[in-house]
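Undergrad: Quick one: this structure, given as structure tokens, is what I'll be asking you about.
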Amino acid sequence: MLTQSDKFLDNLLPYLLQRASFVITKQFHAHLKLNGVGVSRWRLLAWLSEREGSSINELTNQLMLKQPTVTRLVDNAVRDKLVLKNADEKDGRRVFVTLTKTGKKLIAGLKQDALDAESWINNNYGPKAVTHLKKNLLEILVQFDETKISGK
């Protein structure tokens, strides 16, 4: 069991958040790999599964990846018939990405697998504590939105 210490990283919130994310998602990411789905592809499909479409720019921000990486990720998903790229009617340079039926089917199963993986945390940490933690994390995300930090 971990305890509070006077070590620098043990008290640095960004490190603790990233480390907790790594530990929590490690097993699920291995499950994704066994199913031939990379973590970035999983995030892409999960994000799109709850939206009618997203621009490459929006995907770049939400997937926490650089634009060229997102473009390759989307192009590979198009090749695998998981997503479609649709040109914006008002601005032909802008592209919106949407899920295909195949993509929807794949992500439906993977979302259930993610919920199953999260149930371990609920069972061991307690649903009330998990709900409180999620609420706090969402508040941090709103408070420290990238556009506020960068002054955009």
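Undergrad: Using Cα pairs under 8 angstrom and six or more residues apart, how large is the relative contact order of the chain, in percent?
TA: On the way: 104 pairs, mean separation 27.0, N = 152.
The value is 18 percent.
Undergrad: Less than 13 Å Cβ to Cβ from G38, Lys/Arg counted +1 and Asp/Glu -1: what total charge do the surrounding residues give?
TA: On the way: positive: K33, R41, R43, R72; negative: D80.
It works out to a net charge of +3.
Undergrad: What whole-number value in cubic angstrom gives the convex hull volume per residue for the C-alpha atoms of the chain? Show your work: numbers first, answer last.
TA: Numbers: hull volume 23.4 nm³, N = 152.
Roughly 154 Å³ of hull volume per residue.
Undergrad: Against the longest principal axis of the chain, how steep is helix 67-79, in degrees 0 to 90 to the nearest 10, with axes from Cα atoms?
TA: 60
Undergrad: Region 1-78 to region 79-152: how many Å between their Cα centroids?
TA: If we compute the Cα centre of each part, the gap is 9 Å.
Undergrad: Here is the link list: K101/K128; K33/K134; K26/K90. Which ones come out longer than 32 Å on Cα distance? Show your work: numbers first, answer last.
TA: Working: K101/K128 35 Å; K33/K134 26 Å; K26/K90 42 Å.
The pairs that break the limit, which is 32 Å between Cα atoms, are K101/K128; K26/K90.
Undergrad: Based solely on its DSSP helices, what 222 nm [θ] is calculated for the chain when runs of n ≥ 4 H residues each add -39,500 (n - 2.57) and the sum is averaged over all residues, nearest 500 deg cm²/dmol?
TA: Computed ellipticity for the chain at 222 nm equals -21500 deg cm²/dmol.
Undergrad: Here is a follow-up. Calculate the translational D of region 5-81 in whole µm² s⁻¹ from Stokes-Einstein, where the hydrodynamic radius comes from the Kirkwood formula applied to all Cα pairs, the temperature is 25 °C and the viscosity 0.890 mPa s. Don't skip to the end; give the middle numbers.
TA: Numbers: Rh = 14.3 Å.
Answer, rounded: 172 µm²/s.
Undergrad: On a 0 to 90 degree scale, rounded to 10, what angle separates helix 13-34 from the longest Cα axis of the chain?
TA: Compared with the principal axis, the helix lies near 60 degrees.
Undergrad: Here is a follow-up. Against the longest principal axis of the chain, how steep is helix 127-143, in degrees 0 to 90 to the nearest 10, with axes from Cα atoms?
TA: 60
Bear in mind these aren't lab numbers, they're just calculated from the coordinates by the rules spelled out. The model shown is predicted, which means the values in this text are computed figures rather than measured ones. Here the Cβ is made from the backbone with ideal geometry for all residues, glycine too, and neighbour counts use every protein chain on show.
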